Amino acid sequence: MIRQLIKTRRKQVLIDINTQKDFFLDNGIARVGNRRRVLSHIRRVMAYARAKKIPVVSICEVHPENNGGFCVDGTEGMQKINYTLLNNRANFAADNNTDLPVDLLREYRQIVLHKRCLDPFDEPRIDRLLSEIRANEFVLIGACAEGAIEAAALGLLQRGKRVTVIVDAVGALDKQKAKHAFRKIAAKGARLIETRKFAGISHLKTVGTYSDDIMHDSQAGIVTADLLVE
């Protein structure tokens, strides 16, 4: 067991998934359709996490050189977007191990873990870390809604965690599949919100907004899964 993670219960932990260049830059191999809108919200969430000292667990997809696809190890495309990185961080490769330092979240503000698969819980080290961290709320951002975000949210919910997904800080490849994914994880108990609900109003110049594409329940503060992509 990770004694330090078990001992201390944190209010929130931010789970940052696949915020990599191949997903979010215009020349990325697996670029999401709504990337320009989503990136402004991801930037805002990361700035809020820095200011509030919220621990960040970053999960990155990495494939071998002979994969011939996206996020290939050693390429620029597999690198994280610059403003999703904190200075005080620890990095862990995908190597089938579960070893983690006892005082991991005491020593580092950000933990970066690599995965070679869609579902983060298929990586032993990620499974162990996310299963053993104690927090009142796990907040998810990144890509893709219908892939790793859905798998991570469902995996956390299955482990009895409270999950919040910031839908306007999540990229999608397929509009219809993304809508279905959000509806599914909401039905399982996840809370769907917008960035402004989590981090307040930003004074940063934005690239766009989902305000016309998402339906709201003003009393409950709930965002439905009617996510649209470009």
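All of the numbers you see were taken from the coordinates with simple rules; none came from a lab. Computed from a predicted structure; not experimentally measured. A quick note on method: Cβ atoms are made from the backbone with ideal geometry, for glycine too, and the neighbour counts reach across all protein chains shown.
Look at where the Cα atoms of segment 147-196 and of segment 5-69 average out, and the two centres are 14 Å apart. Summing charges over neighbours of residue 125, with a neighbour being any other residue whose Cβ is under 10 Å away from its Cβ, gives -2 when K and R count +1 and D and E count -1.
For segment 18-160, what relative contact order do you get, as a whole percent, if you take Cα pairs closer than 8 Å and at least 6 residues apart? Don't skip to the answer; put the middle values down first.
Numbers: 197 pairs, mean separation 34.8, N = 143.
Relative contact order comes out at 24 percent.
Coupling constants for segment 177-186 follow from the phi torsions by the Karplus curve (6.51 cos²θ - 1.76 cosθ + 1.60, θ = phi - 60°), and in residue order they are 5, 5, 4, 4, 4, 5, 5, 5, 6, 5 Hz; glycine and proline get x. Each of 58, 131 has some number of other Cβ atoms within 10 Å of its Cβ, and from fewest to most they run 131, 58. In a simple Cβ point-charge model (Lys, Arg +1; Asp, Glu -1; nothing else charged), segment 3-223 has a dipole of about 1060 debye relative to its Cα centre.
With neighbours defined as other Cβ atoms within 10 Å of a residue's Cβ, the residues 117, 71 order from fewest to most as 117, 71. Quick check: from the Cα gyration tensor, does segment 1-148 come out rounded (a/c under 1.5), prolate or oblate? In terms of gyration-tensor shape, oblate.
Summing Cβ point charges (Lys, Arg +1; Asp, Glu -1) relative to the Cα centre of segment 47-115 gives a dipole of roughly 580 debye.
The ranking of 197, 179 by Cβ neighbour count inside 10 Å, starting from the fewest, reads 197, 179.
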